[in-house]
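Here is the structure we will look at.
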Amino acid sequence: MTAWGWVGASAAVLFMIVFTADGWTRPGYRPRYHPVSALSLGRRGWIQKANFIVCGAGVAVGSLALLGANVLLTVAIAVFGLALVASGVFTMDPMRGYPAGTPAGDPSTFSRQHRLHDCAGVVVFAAVPIAAVIAALTPELGGGSLRLHSAVAAAASTAGFLVFGQAWEQDSPHAGLWQRLTILLGWSWVAVLLAASS
């Protein structure tokens, strides 16, 4: 038994609370359209940068609670956490009307920092279903309900990632909503997994 899992679970839940509250109160920001990462831009951008870093570090530490169950699962959750930290260190470029005054659409070229942020984002959203598949196949996790939840989370987070990716590429007015639903599914599962492992 360890308290590390509770650290990671709390960090995952806090992440969702912070970006939701910040998004709904940020002038010019549209949560249904803009991605969570856009909150790292502008005068209040430090809030989401810190949110990425604190959540990522917390989840990476929380992954230690899984060592007794499956080393691969521990690594997958740790990678997820570290990629979140990288998402906070490297921010996306201003685009699609945010921050206020930014032209609609995408810039003609992207900065190196933006490209690194994108790479970190792919790792973040890919790590969740990979970890969930591993968890679903890990008998050491005990009860069948957690393994079943993991299997459902693997399918749902994969579908969410694909739908959000398509919505983002098509500049859908609901891209931000799809991303938030994907985060809710994935991060909630991570929180349950880490809490159950404590």
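The values are calculated or read from the model by the stated rules, or taken from the named source; none is laboratory data. Keep in mind that this is a model prediction, so the values were computed, not measured. So basically every Cβ, Gly included, is an ideal-geometry build from the backbone, and we count neighbours across all protein chains shown. What goes into the accessible areas is simple: the full protein's heavy atoms, side chains included, and nothing from ligands, DNA or RNA. Shrake-Rupley method; radii C 1.70, N 1.55, O 1.52, S 1.80 Å.
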>> Here is a check on your reading of the model: is THR20 over 19 Å from CYS119 (Cβ atoms) and modelled with pLDDT under 95?
In response: no
>> Suppose we filter ALA86, ALA78 for residues that are under 18 Å from ALA12 (Cα atoms) and in contact (Cβ under 8 Å) with a residue 24 or more places away in the chain; which single one remains?
In response: ALA86
> Inside the range 133-152, can you point out the residues that are outside any helix (DSSP H, G or I) and among the hydroxyl-bearing types (Ser, Thr, Tyr)?
Replying inline: THR138
>> Between a residue in the range 136-157 that is more than 20 Å from SER198 (Cβ to Cβ) and any residue that is aromatic (Phe, Trp, Tyr) and at pLDDT 85 or above, which pairs come within a Cβ distance under 9 Å, given they are 6 or more apart or on different chains?
In response: VAL152/TRP189; ALA154/TRP189; ALA156/TRP189; SER157/PHE125; SER157/TRP189
>> Looking at the range 26-72 only, could you name the residues that are open to solvent by 20 Å² or more (accessible area, probe 1.4 Å), without any contact (Cβ under 8 Å) to a residue 24 or more places away in the chain and within 11 Å of GLY88 (Cα to Cα)?
In response: TRP46
>> I'd like to check something: does the range 55-64 contain any residue that is part of a helix (DSSP H, G or I), within 14 Å of the chain's Cα centre (by Cα), β-branched (Val, Ile, Thr) and at pLDDT 95 or above?
In response: yes
> How many residues, within the range 155-198, are touching a Pro at 6+ places or on another chain (Cβ under 6 Å) and crowded, with 21+ Cβ neighbours inside 10 Å?
Replying inline: 3
> In the range 95-146, which residue that is of a type in the set (Val, Ile, Thr) and surrounded by fewer than 14 Cβ atoms within 10 Å (Cβ to Cβ) is farthest from GLY165 (Cα to Cα)?
Replying inline: THR109
